[in-house]
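Novice: Dropping the structure in here first, questions after.
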Amino acid sequence: MQNHYTLGEIAKIIDAQLTGNPDSKIYSVASLKNATQGQISFLVPSRYQLVMSNRFLKLLPTTNASAVLLAPEHQSQCQVDTLVMSDPYKGLIEMSKLFKKTTAHYPGIHPTAIIGKNCHIAATASIGAYAVLGDNCDIDADTIIGPYSFLGQEVSIGAQSTIHPRVTIEQNVTIGDRAVIYSGAVIGSEGFGLVRQSQGWCRIPHLGTVILGNDVEIGANTTIDRGSVDDTVIGNGVKLDNQIQIGHGVNIDDHTVIAGCVGIGGSTRIGKNCMIGGATTINDNIIISDNIIVTGMSQVSKSLSTPGVYSSGTHIQPYDMWRKNTARLNSLDKLAKKIFRLEKEQHD
Amino acid sequence: MQNHYTLGEIAKIIDAQLTGNPDSKIYSVASLKNATQGQISFLVPSRYQLVMSNRFLKLLPTTNASAVLLAPEHQSQCQVDTLVMSDPYKGLIEMSKLFKKTTAHYPGIHPTAIIGKNCHIAATASIGAYAVLGDNCDIDADTIIGPYSFLGQEVSIGAQSTIHPRVTIEQNVTIGDRAVIYSGAVIGSEGFGLVRQSQGWCRIPHLGTVILGNDVEIGANTTIDRGSVDDTVIGNGVKLDNQIQIGHGVNIDDHTVIAGCVGIGGSTRIGKNCMIGGATTINDNIIISDNIIVTGMSQVSKSLSTPGVYSSGTHIQPYDMWRKNTARLNSLDKLAKKIFRLEKEQHD
Amino acid sequence: MQNHYTLGEIAKIIDAQLTGNPDSKIYSVASLKNATQGQISFLVPSRYQLVMSNRFLKLLPTTNASAVLLAPEHQSQCQVDTLVMSDPYKGLIEMSKLFKKTTAHYPGIHPTAIIGKNCHIAATASIGAYAVLGDNCDIDADTIIGPYSFLGQEVSIGAQSTIHPRVTIEQNVTIGDRAVIYSGAVIGSEGFGLVRQSQGWCRIPHLGTVILGNDVEIGANTTIDRGSVDDTVIGNGVKLDNQIQIGHGVNIDDHTVIAGCVGIGGSTRIGKNCMIGGATTINDNIIISDNIIVTGMSQVSKSLSTPGVYSSGTHIQPYDMWRKNTARLNSLDKLAKKIFRLEKEQHD
């Protein structure tokens, strides 16, 4: 990686319109507030809001950045050099790749890593300190396995993937190219498939595994169980946030994104391009079609087949109000019947 | 472990009725879909459904398995050898044990494991790479401690237990026989017992520990806090799924099963043979009697003493409907009073 | 640490009134139930209840402890020596410090720890077995880094902090004095900031980090994401329980306490001295003022600016009741309109 780019080089790479000095040297990306000389900043809408947040816009006139990447409508408020694009997010993502520091602390195989028999590890891959790989693992080009990451037997990971420190990937799991798996994730432990026998609950055998497509990202401390009969399958471009639990045999189709703390029961299927809000629970054996949005902290206890936005849950209220209103909920069926009776009586 | 069994041997071990060639060699178990020659498959109801899923039944006539374990009513649809049992689950669990691959990658004590003073480790136990055991630990026969698992001082683990890689068991914790603890679990960290003092919140001392009975299973990334005064006690045969949080001083009695993402507050007691659905929250100081079922994503904020099924929460709706209906919930008490007034007026 | 204190010494240190033998030797603290000769016990209200639990009070007359720390109103029921204080919790916390066993199994830098370049590690700090520290880390006096804890580059940890085994702290994170971080926590992984581009969802760059004040405690398997533009900031004296998820750019002000399994969305701000109940979900971009209490399993989807107690969620009911009542909730808006119509008709 080169240690700097000129503003002109960046403009060309990200296809932005440059106003200012093309020879200005840029060493890194920083926020409007923290950027100093030699850094480029950016002004993009908050990803949560369609309009520009004033919080960031008001920092624009006084930034100490050498240059700012922004949309045409904000250029007039900027006192320093600019790179202008209609979609500055696109430019930001490309530009950040130029300056991204590698997380490979130990290129090659660290001497403390323990590698099983018959593993195929690409020459450009990096296996971190104290990593443990089982027999017959396959690690493709440019992939990084962080310190303490444990791979069981016959784990296969594609190219350009990053497994952060302290990840567990159990035997036979297959992971595609450009995966990012954050610390504490556990991929491929046995699911919660139990049957009652005379001596108590017994776990059914888990013959399936977990298969992750390309460009999948898995958040910190997220867990994905292996299938009991069928495999657990995560499609291309799926992004999972932190502390998500994916049950055995679940199927998540391409480009679906799931926010933190979601729990998904066994054998549930979620379509393409869905967005599942944080802390939502999806029961087992549910089918969710493509292009469905579920808002946060919902409970999905029936299948959803029509594209659209779905919700459950109740609003936050001052405690005294909540106590009274929620108590009435416990007799709502009786209240409804009273209404029907009143209606009937009145209209008779 | 022998590398194959004959179909006749399996029939005898699991006590099933054999139709076909008793000398047929079986090397492993596989699903109806994936099984090939030399493998035995099975047809059992989905554990979630009382009736047989058509999804699996329709695969029966065309399976390439050498034999299938199934119930009498399905035998006529099978083209290959069969093992027939009235409870094919029972047979499946027994049969799977015959073919289960050991997870002990490193029998004995791995040279990189660090063992404290005065530990008693059975000759048949296996301590994995980079495991760290504190002083005075006691590991019984045939128990496997996975790579990177950390045991504090005076931890005791019974026989035939499997501690997967990357588990933390803090000092003084006691675990029975045949435990299975999955990766990322933390057993025995201090509970969230705080009291407000002039300088801020202070943690109360945690003098208790965690005691796990026999046949306990703990899912990936589940956490169980040690008790502050009394111990946290998990009974025999209790099964906990992934990402569960058990507060300090909780007591869970024998053969209760708890699904993923459940949180249980401090000092709560749960009886025998209960079933707690996923993502349910149980407040602190609650008492739940034996044989109680709580459905998923419920909030248990009062004790439950009568056996039966309990629920809370709301149904998923299209967003526009949800928004209108939920808004009304915030004035439900007023609406109820209107109904009572109307009723009174009309009947006067 | 000395191995015992006399009762008179303890009374002086914690400023309690002694009744009994000041020369009695005390070796440790134990519960009323388990304490034996040479141990001191205590009687304090349950932290959950304002009144004394009978569960502990009834153990007082028969305890085998050498002495009991208690409030004046309970002294008459005690048969052994007493230390009397109006706030026995204060005394308990001070007294426990006297007897607390150190968790530093390996003082100094363990020979298997891997330390990056230019790290500053205080002579009194302890770095555990198989710890991995990146370049330029700064570990202050008396701080303990547990086995397998991973610190990225340029991590700074203040004095007298305890990082339990198996914690991940990513690059550039700053932690204050007297921190306690439990096993499995992940501090500083990248947040779930995604934008949709033509090739699928892309993660926005995370230029921010995580900054923890003094006296912060982080529970087992809790995750705190680094900021994308602004830093994630956790104030002094903040206590986080287990399995909490803190999104990128969140700000939690001093002395706020958050119970287990809470999820907090990106860029949300929580004031000082708040108490957030377990399993609550707080949406992104929310602002919660100082001194706000949110009860367990609530969903906070709007900002809260008036101090007080807030709740959402529904009560647990027997399943048959719940099914009927919750079904009515899906037509509550229609029911409300019926009521208004009836009211209008009746009053016309």
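The values are calculated or read from the model by the stated rules, or taken from the named source; none is laboratory data. If you're wondering where the values come from, they're calculated on a predicted model, not measured in any experiment. Neighbour counts run over all protein chains shown; Cβ positions are idealised from the backbone, glycine included. Ligands, DNA and RNA are stripped out before the accessible areas are found, and what is left, the full protein with its side chains, is counted by its heavy atoms. Shrake-Rupley method; radii C 1.70, N 1.55, O 1.52, S 1.80 Å.
Novice: Being within 9 Å of chain B (Cβ to nearest Cβ) and open to solvent by 10 Å² or more (accessible area, probe 1.4 Å): is that true of A:Gln199 here? Steps first, answer last, please.
Specialist: Working: within 9 Å of chain B (Cβ to nearest Cβ): yes; open to solvent by 10 Å² or more (accessible area, probe 1.4 Å): yes.
Judged against the criteria, A:Gln199 is a match.
Novice: OK, next. Take C:Leu18 and tell me if it is under 20 Å from C:Pro72 (Cβ atoms), in contact with a Ser or Thr (Cβ under 8 Å, 6 or more places away or on another chain) and not aromatic (Phe, Trp, Tyr).
Specialist: Against the criterion (under 20 Å from C:Pro72 (Cβ atoms), in contact with a Ser or Thr (Cβ under 8 Å, 6 or more places away or on another chain) and not aromatic (Phe, Trp, Tyr)), C:Leu18 qualifies.
Novice: Quick check on my filter: what residues within segment C:258-282 are open to solvent by 20 Å² or more (accessible area, probe 1.4 Å), of a type in the set (A, V, I, L, M) and not in a loop (DSSP other than H, G, I, E, B)?
Specialist: Scanning segment C:258-282 gives a single hit, C:Met275.
Novice: Can you pull out the residues in segment C:202-214 that are touching a Ser or Thr at 6+ places or on another chain (Cβ under 6 Å) and either in contact (Cβ under 8 Å) with a residue 60 or more places away in the chain or away from chain A (no Cβ under 11 Å) (or both)?
Specialist: Hits for segment C:202-214 are C:Val210, C:Ile211.
Novice: Inside segment B:210-247, can you point out the residues that are open to solvent by 10 Å² or more (accessible area, probe 1.4 Å) and modelled with pLDDT under 95?
Specialist: Hits for segment B:210-247 are B:Ser228, B:Val229, B:Asp230, B:Asp231.
Novice: Among (1) surrounded by fewer than 24 Cβ atoms within 10 Å (Cβ to Cβ); (2) within 11 Å of chain B (Cβ to nearest Cβ), which single condition is A:Ala185 missing?
Specialist: The single condition A:Ala185 does not satisfy is (1).
Novice: Would you please name the residue that is nearest to A:Val233 (Cα to Cα), looking only at residues in segment A:196-212 that are over 33 Å from the mean Cα position of the chain (by Cα) and in a strand (DSSP E or B)?
Specialist: A:Cys202
Novice: Go through the residues of segment C:139-147 one by one and say whether even a single one is open to solvent by less than 10 Å² (accessible area, probe 1.4 Å), under 30 Å from A:Ala35 (Cβ atoms) and of a type outside the set (D, E, K, R).
Specialist: Scanning segment C:139-147 turns up at least one residue that is open to solvent by less than 10 Å² (accessible area, probe 1.4 Å), under 30 Å from A:Ala35 (Cβ atoms) and of a type outside the set (D, E, K, R).
Novice: Would you call B:Asp225 closer than 25 Å to B:Leu194 by Cβ, touching a Gly at 6+ places or on another chain (Cβ under 6 Å) and either among the basic types (Lys, Arg) or outside any loop (DSSP other than H, G, I, E, B) (or both)?
Specialist: Here the answer is yes, as B:Asp225 does meet what is asked.
Novice: Given the options A:Ser31, A:Ser46, name the one that is under 27 Å from the mean Cα position of the chain (by Cα), within 13 Å of chain C (Cβ to nearest Cβ), at pLDDT below 95 and open to solvent by less than 10 Å² (accessible area, probe 1.4 Å).
Specialist: Testing whether each residue is under 27 Å from the mean Cα position of the chain (by Cα), within 13 Å of chain C (Cβ to nearest Cβ), at pLDDT below 95 and open to solvent by less than 10 Å² (accessible area, probe 1.4 Å) leaves just A:Ser31.
Novice: Only one of these conditions is not met by C:Tyr148: (1) within 9 Å of chain A (Cβ to nearest Cβ); (2) in contact with a Phe, Trp or Tyr (Cβ under 8 Å, 6 or more places away or on another chain); (3) closer than 26 Å to A:Gly278 by Cβ. Which number is it?
Specialist: C:Tyr148 satisfies all of (1) within 9 Å of chain A (Cβ to nearest Cβ); (2) in contact with a Phe, Trp or Tyr (Cβ under 8 Å, 6 or more places away or on another chain); (3) closer than 26 Å to A:Gly278 by Cβ except (3).
Novice: Something else now. Could you tell me whether any residue of segment C:108-123 is under 29 Å from B:Ile187 (Cβ atoms), more than 9 Å from every other protein chain (Cβ to nearest Cβ) and either assigned to a loop (DSSP other than H, G, I, E, B) or open to solvent by less than 10 Å² (accessible area, probe 1.4 Å) (or both)?
Specialist: Yes - at least one qualifying residue is present in segment C:108-123.
Novice: Hey, among A:Asp284, A:Asp320, A:Asp290, A:Asp333, which residue is within 7 Å of chain B (Cβ to nearest Cβ) and acidic (Asp, Glu)?
Specialist: Result of the check over A:Asp284, A:Asp320, A:Asp290, A:Asp333: A:Asp284.
Novice: Based on this model, can you work out whether B:Val309 counts as more than 9 Å from chain A (Cβ to nearest Cβ) and touching a residue at least 40 places away in the same chain (Cβ under 8 Å)?
Specialist: Answer is no for this residue.
Novice: Which residues, counting only those in segment A:247-263, are among the β-branched types (Val, Ile, Thr) and at the interface with chain B (Cβ under 9 Å from one of its Cβ atoms)?
Specialist: Looking only at segment A:247-263, we keep the residues that are among the β-branched types (Val, Ile, Thr), and these are A:250, A:252, A:256-258, A:262.
Hit for segment A:247-263 is A:Val262, nothing else.
Novice: Another question, if that's okay. Taking only segment B:291-322 into account, find how many residues are open to solvent by 10 Å² or more (accessible area, probe 1.4 Å) and part of a loop (DSSP other than H, G, I, E, B).
Specialist: So the count comes out to 13.
Novice: Further question: Given (1) more than 7 Å from chain C (Cβ to nearest Cβ); (2) surrounded by fewer than 22 Cβ atoms within 10 Å (Cβ to Cβ); (3) of a type outside the set (Lys, Arg), identify the lone condition not met by A:Asn325.
Specialist: Just one mismatch for A:Asn325, condition (2).
Novice: Sticking with this one: Name every residue in segment A:67-99 that is closer than 30 Å to A:Ser126 by Cα, open to solvent by 30 Å² or more (accessible area, probe 1.4 Å) and without any contact (Cβ under 8 Å) to a residue 12 or more places away in the chain, in order of residue number.
Specialist: A:Lys97
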